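Accompanying notes for the structure given below.
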Amino acid sequence: MDFLELLRTATAQNDSMLCVGLDPDPERFPGAWRGDARKMYDFCAAIVDHTADLVCAFKPQIAYFAAHGAEEQLERLLQHIRCHAPQVPVILDAKRGDIGATAEQYAKEAFERYGADAVTLSPFMGFDSVAPYLDYPGKGAFLLCRTSNPGGDDLQNQRLASVPGEPLLYEHIARLAQGPWNRNGQLGLVVGATYPAEIERVRALAPTLPLLIPGVGAQGGDAAATVRAGLRAEGPIIVNSSRAILYASTKENFAAAARAEALRTRDALNAARARTA
Ligand SMILES: O=c1ccn([C@@H]2O[C@H](COP(=O)(O)O)[C@@H](O)[C@H]2O)c(=O)[nH]1
């Protein structure tokens, strides 16, 4: 099944717009696991097993694994998800962006080595840095558009005087992704829950693209405002929360506590959807 079909199926089956982010930090692991980077797989697999029926996607953040030389654990984690939650798509958060020849290697890493269903990319180097990912039929690619961090303003909110209509950079990215860059319908956009007005603007410019929206939970983004701004009949949203779910408890009951927090977040998103319908 391709990424969009998987997303549709998981969203419907689990009645969920929630993506659980898998950002394992050994310093926050429970009990005897604390500080032990060899437990990343075990920690994340427990989170997956306790939340797979509540989510529309999982989003492992590659940096947390690579920082500890734990790429082999990330490979095993993706195998685990394919085996135990095959209905849930995996978005590898890698934010890659490089010249075409190198991008081919990054695409191979994401889709062949790890078997991810989608990947996050920086569009800063232009279309030829994105194209190699689109050579993988059915795989998704989410372009950073208006990110959740305050520093996103530094570049993304700059006006492009040389482009007709003088859009802001993030508006230009949204237009390119909805239009000429989206050759095979594989593109989506990353927009931060911390900026609902910008989500609304992106949605107006990209009415049908899936939006990956990090920033609820630990970053304080408003779940209800996110749903109002981003969700449309033809435009799905994938709302990510990582730390607030992973570290809902730092005790032995961490997986059950993660489930409770995932359930609470999923239901808050669904309640907002019901109010906007
Ligand atoms: O604009 C962006 C793009 C990506 N992220 C990533 O999402 C998660 C957020 O984690 P929380 O713990 O829920 O804050 C993390 O992996 C980031 O690298 C983002 O936050 N903002």
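Quick notes
- Tabulated pairs, the range 80-103, first among the basic types (Lys, Arg), second within 16 Å of the ligand (Cβ to nearest atom) and open to solvent by less than 50 Å² (accessible area, probe 1.4 Å), C-beta under 6 angstrom, 6+ apart or interchain: Lys95/Thr120; Lys95/Ser122; Arg96/Leu121
- Scanning the range 231-265 for residues that are out of contact with any Leu (no Cβ under 8 Å at 6 or more places or on another chain), within 23 Å of Pro210 (Cβ to Cβ) and not basic (Lys, Arg) gives Leu231, Ala233, Glu234, Ala244, Ile245.
- Any chance Asp98 is within 22 Å of Asn240 (Cβ to Cβ) and in a loop (DSSP other than H, G, I, E, B): no
- If you go through the range 75-91 and keep only what is touching a Pro at 6+ places or on another chain (Cβ under 9 Å), buried (at least 24 other Cβ atoms within 10 Å of the Cβ) and not β-branched (Val, Ile, Thr), you end up with just Leu77.
- Any hit, the range 27-41, residues being closer than 20 Å to Gly115 by Cα and surrounded by fewer than 23 Cβ atoms within 10 Å (Cβ to Cβ): yes
- Residues that are more than 14 Å from the ligand (Cβ to nearest atom) and open to solvent by 70 Å² or more (accessible area, probe 1.4 Å) were ranked within the range 239-263; the one that is nearest to Ala218 (Cα to Cα) is Arg259.
- Residue list for the range 209-242, filter: among the hydroxyl-bearing types (Ser, Thr, Tyr) and part of a helix (DSSP H, G or I): Thr226
- Scanning the range 177-190 for any residue that is farther than 14 Å from Phe124 by Cα and within 16 Å of the ligand (Cβ to nearest atom) turns up at least one such residue.
- The set of residues in the range 145-167 being open to solvent by 30 Å² or more (accessible area, probe 1.4 Å) and part of a strand (DSSP E or B) consists of Arg159 alone.
- Residue count for the range 76-103 satisfying the condition of being β-branched (Val, Ile, Thr), within 20 Å of Tyr64 (Cα to Cα) and more than 15 Å from the chain's Cα centre (by Cα): 1.
- Every condition in (1) within 15 Å of the chain's Cα centre (by Cα); (2) more than 10 Å from the ligand (Cβ to nearest atom) holds for Ala193 except the one numbered (2).
- For the range 49-64, the tally of residues that are surrounded by fewer than 24 Cβ atoms within 10 Å (Cβ to Cβ) and either within 15 Å of the ligand (Cβ to nearest atom) or within 15 Å of the chain's Cα centre (by Cα) (or both) stands at 4.
- Residue match in the range 111-122 (condition: in a helix (DSSP H, G or I) and in contact (Cβ under 8 Å) with a residue 24 or more places away in the chain): yes
- Number of residues in the range 1-49 that are of a type in the set (A, V, I, L, M, F, W, C) and in a loop (DSSP other than H, G, I, E, B): the value is 3.
- Among the residues listed as Ala116, Ala174, Ala107, Ala131, the single one being touching a helix residue (DSSP H, G or I) at 6+ places or on another chain (Cβ under 8 Å), open to solvent by less than 20 Å² (accessible area, probe 1.4 Å) and away from the ligand (no atom under 16 Å from the Cβ): Ala107
The values are calculated or read from the model by the stated rules, or taken from the named source; none is laboratory data. Owing to the predicted nature of the structure, the values given are computational and were not obtained by experimental measurement. Heads up, the Cβs are rebuilt from the backbone with ideal geometry, glycines too, and the neighbour counts pull from every protein chain shown. Accessible surface is based on the protein model in full, side chains and every heavy atom, while ligands, DNA and RNA are left aside. Shrake-Rupley method; radii C 1.70, N 1.55, O 1.52, S 1.80 Å.
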